[in-house]
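Data block below; observations after.
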Amino acid sequence: RGTPLAVEALEAREVMTGTPVVSISSTVSTVSEGGEFTITLTRTKGSGTLAVSLGYDGSDLSPRSNFEFADNQSELQITFDVRRDNRLEPNEGHAIYVLGDGGYEVDASDYQVGLTVIDDPAKVSISTLTTKMKESDNGVS
């Protein structure tokens, strides 16, 4: 006969109450300079708005939005731009992680994502310049 609807509604409400738990995920592990990538924050439990603190290393990453869940929102996507520079450097590893600043718990199994920024090598070109000059009688042209 199935579960009565009232019980299903109560179970759904219980999932959204209590201290929120936040996790982070990404389907991207590499990105080129000048590119972009998106991470997903997932909130289990809790309702109402919820501001989340993220940490990330490196000045090459720039988020496009704040980190705040709307009322009853369970997933939040945040896009980061990756700054392009002209420095000759190897590929760079970055981590983006959820900080436990209060009001929520951090899912210990999914608290950070890793990202490799592929640095485009600086392009240098060398060319030769050939000129023809007629020499004068005194050796000076």
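The values are calculated or read from the model by the stated rules, or taken from the named source; none is laboratory data. Computed from a predicted model, the values in this text were never measured in an experiment. So basically every Cβ, Gly included, is an ideal-geometry build from the backbone, and we count neighbours across all protein chains shown. Each accessible area value is taken on the protein alone, full model and side chains, heavy atoms only, with ligands, DNA and RNA left out. Shrake-Rupley method; radii C 1.70, N 1.55, O 1.52, S 1.80 Å.
Taken over the range 59-94, the criterion of being under 20 Å from G114 (Cβ atoms) and hydrophobic (A, V, I, L, M, F, W, C) is satisfied by L61, F67, L76, I78, F80, V82. Among the residues of the range 69-85, those that are surrounded by 13 or more Cβ atoms within 10 Å (Cβ to Cβ) and in contact with a strand residue (DSSP E or B) (Cβ under 6 Å, 6 or more places away or on another chain) comprise F69, S74, L76, I78, F80, D81, V82.
Could you tell me whether G114 is surrounded by fewer than 16 Cβ atoms within 10 Å (Cβ to Cβ), in contact (Cβ under 8 Å) with a residue 60 or more places away in the chain, of a type outside the set (S, T, N, Q) and part of a strand (DSSP E or B)? Yes. Is one or more of the residues making up the range 65-80 assigned to a strand (DSSP E or B), of a type outside the set (F, W, Y) and in contact (Cβ under 8 Å) with a residue 40 or more places away in the chain? Looking for residues that are assigned to a strand (DSSP E or B), of a type outside the set (F, W, Y) and in contact (Cβ under 8 Å) with a residue 40 or more places away in the chain, one finds at least one in the range 65-80, hence yes. Residues considered: F37, F69. Of these, the only one that is modelled with pLDDT of 90 or more and under 20 Å from G100 (Cα atoms) is F69.
Within the range 43-57, the residues that satisfy the criterion of being within 18 Å of I96 (Cβ to Cβ) and open to solvent by 40 Å² or more (accessible area, probe 1.4 Å) are A51, Y56, D57.
Could you say which residue among T19, T27 is at pLDDT 90 or above, loosely packed, with under 12 Cβ neighbours inside 10 Å and outside any strand (DSSP E or B)? Matching residue, one of T19, T27: T19.
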